[in-house]
Amino acid sequence: MIGLYVKQDSSEALQRKSSLIVKKEETSMTVASMILADLSLSTVVWWLVLGLIAGFLASVVMRGGGYGVVGDIVVGIVGAFIGGWLASLLGLGANGFIGSLIIAFIGACILIAILRAVSGGFGRRRT
């Protein structure tokens, strides 16, 4: 009887665990669908344009030679996430394209500084 009771108890614990996993997956899917619901081709194009401009400006200001079109877009978009996170910590918000560009530019400059600090400040060698 004791063995049966323990088995039933572990079965209930397993059921609780699986229900928590299902709830976590439902929450993740809800967040993903909310993000993707607002995603359109024009939104993606604006992200790419904003990333390209912010990444290019940051590479010029940080006295780099640029990272190419794709590299500047990646630096700008990742910088936008960093800048947006820092702005939210400071309680700042950005309205419109110019505000978003400023936030992305600041974040891209921070990203380039971090990358240079981690890599020892060595850039690509051009021949």
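Values as computed for the structure displayed
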| quantity | calculated |
| --- | --- |
| P(r) of the range 41-119 over all Cα-Cα pairs, binned every 10 Å from zero, in whole percent | 22, 54, 22, 2 |
| Exposure proxy ranking, count of Cβ atoms within 10 Å, fewest first, for Arg116, Arg63 | Arg63, Arg116 |
| Gain on full stretching of the segment that runs from Ser42 to Ile102 - 0.36 nm per residue minus C-alpha separation | 19.6 nm |
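Readers should treat all values here as calculations from the given coordinates under stated rules, not as data from a laboratory. Keep in mind that this is a model prediction, so the values were computed, not measured. Neighbour counts run over all protein chains shown; Cβ positions are idealised from the backbone, glycine included.
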